[in-house]
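Undergrad: Let me give you the structure first, and then I'll get to my questions.
Read the figures in this text as sums done on the coordinates, not as results from a lab. The structure displayed is predicted, hence computed values, not measured ones. Note that each Cβ is placed from the backbone with ideal geometry, even for glycine, and that neighbours are counted across all protein chains shown.
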Number of protein chains: 2
Amino acid sequence: MKDTPIFLRACRREETEYTPVWIMRQAGRFLKEYRALRRRYDFLTLCKTPDLATQVTLMPIERLGVDAAIIFADILLPLEPMGIDLEFSKGEGPVIHNSPSTRPEVEALRRIEAEEDLSFVMEAIKAVCRELKGRIPLIGFSGAPFTLASYLLEGGGTKNFIKTKSLMYQDPSCWHLLMEKLSEVIISYLNAQVRAGAGAVQVFDSWAGALSPQDYREFVLPHSQKVFQELSPDVPRIHFATGTSGILELMQEVGGDVIGIDWRIDLGEAWERLGYNVGIQGNLDPVTLFGPQERIERAVGEILEKAKGRPGHIFNLGHGVLPKTPEANVITMVEAVHRLSKR
Amino acid sequence: MKDTPIFLRACRREETEYTPVWIMRQAGRFLKEYRALRRRYDFLTLCKTPDLATQVTLMPIERLGVDAAIIFADILLPLEPMGIDLEFSKGEGPVIHNSPSTRPEVEALRRIEAEEDLSFVMEAIKAVCRELKGRIPLIGFSGAPFTLASYLLEGGGTKNFIKTKSLMYQDPSCWHLLMEKLSEVIISYLNAQVRAGAGAVQVFDSWAGALSPQDYREFVLPHSQKVFQELSPDVPRIHFATGTSGILELMQEVGGDVIGIDWRIDLGEAWERLGYNVGIQGNLDPVTLFGPQERIERAVGEILEKAKGRPGHIFNLGHGVLPKTPEANVITMVEAVHRLSKR
């Protein structure tokens, strides 16, 4: 098994020579090379052109020395073939022009065939895998049902999730129908990515931490659980969210070989609560990368110490790398993880 | 002690006939009457005119049937006499035009005499207390050092706290100087409110949940602890923040007779972690009040059940009531708390 990439061995909680590391949004805005490309193409064109998506996915690999690639895509892409009119406006992030708000509108959302409807993602995955030649694995990903539902209902980003939670409370059966439809789409999308060559998948429930534990259990858990049950067991599955200290055990009940946490919880305490028969991913505050290099190294060291070299730790930020992060500091972090974790 | 208002008895963890309730931002935008007044006066004029601030503070008392009043003010008011140019722009919230970013600018921030520099707040407190005649207490409040520092450094609201955390990491001694100055201001401000008649105080560290436990301990805890040590012990002190599941024990180490939590953590679990020699305040998700009345009552009942009728629970939302919340639903909530908690 020495030939299996270190990232995959860590996901399976096997001993590794050092702690593997990758970075959420590593293929994106913080890279100068990416920003140059973005001046020539808009965001959706980059996502939908396999050659370009492949190029962006590979950009950070050599430069940063990370132990996994992640396909360049957006969590909202599967909404388009469902009938949603998606736009990425400058500076404002995603905008949805036809958010469903009634039961007939939810019923009208189309089920998708991921292999056809999102063929550009599958082509990019195949091309990236050809380039990587198995040296490091490619991570596929999707939004989780709740996080996709919240974008869909709010029409974009949100602070208070009023429309999302209002639908839950006022029309639970419509809410559950929407979550069932999204879950089916996600299952189809992720399994197609695995067939195309993704060596691991991550489910981003980025906003699940906005819910009370009770609401998470009632309105989210059964659907996310279905997703994890139906995911191909051939690859490790990472279950990520932020602000999850109040719902950590519920997230584990949902599923995942590795649980991704943010910096708002102590990694040692989180892993103890989860138990050591699951892997853990995280959890440096992305803003640490705006600090001096000594502080970055110290913060990396503290997290590694909390993980105590136990098999199953994958180092990452607690959320995506921020747009203006200095590239040199990201390299410092990756290098520090490898050096300080060497067994 | 039967004459002591029920809210104060609950803060001291004495047995009460029912669970007291008040609502963060109860004197504010969700009230039709308040919005009418806002069409005639801008926000800072309302804050700075004792007659108007008194009127707004009293608005919700009879209508909602709450067990405490809270003085109408803004957590950023103490920044003005420090030399900060504060503006409340329409829709955008607070904007600060001269955020300090260098050590000399932090050194130039003035120390204040709260009784003089914020005399309008003290006058409003005295007027409200005359009206309330001790029937229910008036809560005074201030932002905590970290939350004030973050507004000050970011120049307004923020998502990622990049400027705030960057100062911590890049110039810790300048950060600590700023926190010391803010702590002094806060101590002076809160103790002046108590002398003016406030029967309890709440320290809002609304954004403390954005920090890792390590950063909270290093950059925030010593300063907030100083504030609580210097606060008048004559009145109950409530220590509130959101997203605190990862720093709950550290918040308790800082101080407070009552710890305020949001809905992202189970109240029963939080209280168990804190131990029952401290009170707890919370923790209904404010968005619940957009749902149907049966669901509001059920959610109230679930929280009361988690508190198990233990002395020391004060019912509240987990954060401020949202602008478009229907008034009738707030009344439903208050009434349900009183009815369902009757011993």
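Undergrad: Per residue and in Å³, how big is the convex hull formed by the alpha-carbon atoms of the protein assembly as shown?
TA: With only Cα atoms used, the protein assembly as shown gives 145 Å³ per residue.
Undergrad: Add +1 for every Lys or Arg and -1 for every Asp or Glu among the other residues with Cβ under 13 Å from the Cβ of residue A:285, and state the total.
TA: -1
Undergrad: With θ taken as phi - 60° and the coefficients 6.51, -1.76 and 1.60, list the Karplus ³J(HN,Hα) couplings across the range A:5-11 in order, rounded to whole Hz; mark glycine and proline as x.
TA: x, 4, 4, 5, 5, 5, 4
Undergrad: Take every DSSP beta bridge with both residues inside the protein assembly as shown and express the antiparallel ones as a percent of the total, to the nearest 5.
TA: If we restrict to bridges inside the protein assembly as shown, about 15 percent are antiparallel.
Undergrad: Residue by residue through the range B:244-261, which ³J(HN,Hα) values in whole Hz follow from phi under the Karplus form 6.51 cos²θ - 1.76 cosθ + 1.60 (θ = phi - 60°), with glycine and proline marked x?
TA: Running phi through 6.51 cos²θ - 1.76 cosθ + 1.60 with θ = phi - 60° gives 9, 4, x, 10, 4, 5, 5, 4, 5, 4, 4, x, x, 7, 9, 9, x, 10 Hz.
Undergrad: How far is residue A:301 from itself in the other copies, in nm, if each label sits 7 Å out from Cα along the Cα-Cβ line, shortest first?
TA: So the distances to the same position in the other copies read 5.6 nm.
Undergrad: Turning to a different aspect of this structure: What 222 nm value per residue comes from the helices of the protein assembly as shown, counting each DSSP H run with n ≥ 4 as -39,500 (n - 2.57) and dividing by all residues, nearest 500 deg cm²/dmol?
TA: Calculated from helices alone, the mean residue ellipticity at 222 nm is -13500 deg cm²/dmol.
Undergrad: If I take R0 = 35 Å and measure r between the Cβ atoms of residue A:180 and residue A:273 in this structure, what FRET efficiency does the formula 1/(1 + (r/R0)^6) give, to the nearest 0.05?
TA: 0.70
Undergrad: So for chain A: antiparallel DSSP bridges make up what percent, rounded to the nearest 5?
TA: Looking only at bridges with both residues in chain A, the antiparallel portion is about 15 percent.
Undergrad: With θ set to phi - 60° and the Karplus curve 6.51 cos²θ - 1.76 cosθ + 1.60, what are the ³J(HN,Hα) couplings of the range B:126-143 in order, to the nearest whole Hz, using x for Gly and Pro?
TA: Per-residue couplings from phi come out as 4, 5, 4, 4, 4, 6, 6, 6, x, 4, 10, x, 9, 8, x, 7, 8, x Hz.
Undergrad: Could you give, in nm with one decimal, how far residue A:269 is from each other copy of that position, shortest first, with labels 7 Å out from Cα toward Cβ?
TA: The answer, with the shortest distance listed first, is 1.2 nm.
Undergrad: When chain A is modelled as a GNM with alpha-carbon springs shorter than 10 Å, which of A:88, A:141, A:228 fluctuates the most?
TA: Checking each option, the largest mean-square fluctuation is seen for A:88.
Undergrad: Amide H of residue B:259 versus every other amide H placed in the peptide plane: which residues, excluding those fewer than 5 positions away on the same chain, fall under 5 Å?
TA: Those qualifying (amide H under 5 Å, at least 5 residues apart or on another chain) are B:239, B:279, B:280, B:281.
Undergrad: For the rotation that superimposes chain A on chain B, which residue of A has the C-beta lying nearest to the axis, and at what distance in Å?
TA: Closest Cβ to the A-to-B rotation axis, residue and whole-Å distance: A:245, 2.
Undergrad: My understanding is that a pair violates if its Cα-Cα distance is over 28 Å; which of A:32/A:133; B:226/B:342; A:90/B:159; B:226/B:324; A:126/A:308 do that in this structure?
TA: B:226/B:342; B:226/B:324; A:126/A:308
Undergrad: Count the net charge of all other residues whose Cβ sits under 13 Å from the Cβ of residue B:204, scoring Lys and Arg as +1 and Asp and Glu as -1.
TA: Here the charged neighbours net out to -1.
Undergrad: Please give the helix B:145-154 orientation as an angle from the longest Cα principal axis of chain B, in degrees from 0 to 90, rounded to the nearest 10.
TA: 60 degrees
Undergrad: Between the range A:217-275 and the range B:1-44, what's the alpha-carbon centroid distance in Å?
TA: 38 Å
Undergrad: Something else: Give the angle, between 0 and 90 degrees and rounded to the nearest 10, that separates the Cα long axis of helix B:50-60 from the longest principal axis of the Cα atoms of chain B.
TA: Here the helix axis deviates by roughly 40 degrees.
Undergrad: If you don't mind, another one. With a ≥ b ≥ c the root eigenvalues of the C-alpha gyration tensor of chain B, is it rounded (a/c under 1.5), prolate (a/b larger than b/c) or oblate?
TA: Prolate, since a/c reaches 1.5 and a/b exceeds b/c.
Undergrad: Could you please report the charge total around residue B:80, scoring K, R as +1 and D, E as -1 over all other residues with beta-carbon less than 12 angstrom from its beta-carbon?
TA: With Lys, Arg at +1 and Asp, Glu at -1, the neighbours total -2.
Undergrad: How tilted is helix A:327-341 with respect to the longest principal axis of chain A? Cα atoms for both, answer in degrees (0 to 90, nearest 10).
TA: So the inclination is approximately 60 degrees.
Undergrad: Separate question: Could you tell me which trypsin sites (Lys or Arg not before Pro) in the range A:144-186 are loop residues by DSSP with no more than 10 other beta carbons within 10 angstrom of their beta carbon?
TA: Hits after loop and neighbour filter: A:159.
Undergrad: With the Cα gyration tensor of the range B:211-286 giving a ≥ b ≥ c as the square roots of its eigenvalues, does the rule (a/c under 1.5 for rounded; else a/b larger than b/c for prolate; else oblate) give rounded, prolate or oblate?
TA: Cα axes put the range B:211-286 in the oblate bin.
Undergrad: Can you list the distances in nanometres, one decimal and ascending, from the residue A:39 label point to the identical position in each other copy, with the point 7 Å along Cα to Cβ?
TA: 5.0
Undergrad: If each residue of separation counts as 0.36 nm, what is the full-extension length gain between residue B:62 and residue B:173 once their alpha-carbon separation is subtracted?
TA: Computed gain between residue B:62 and residue B:173 is 35.1 nm.
Undergrad: Using modelled backbone amide H atoms (1.01 Å from N, in-plane), which distant-in-sequence or interchain residues come within less than 5 Å of residue A:141's amide H?
TA: Distant-sequence amide H within range of residue A:141: A:202.
Undergrad: Shifting gears a bit: Could you check which residue among B:182, B:138, B:322 shows the biggest mean-square fluctuation in a GNM of chain B with a 10 Å Cα cutoff?
TA: Evaluated over chain B, the most mobile residue of the options is B:322.
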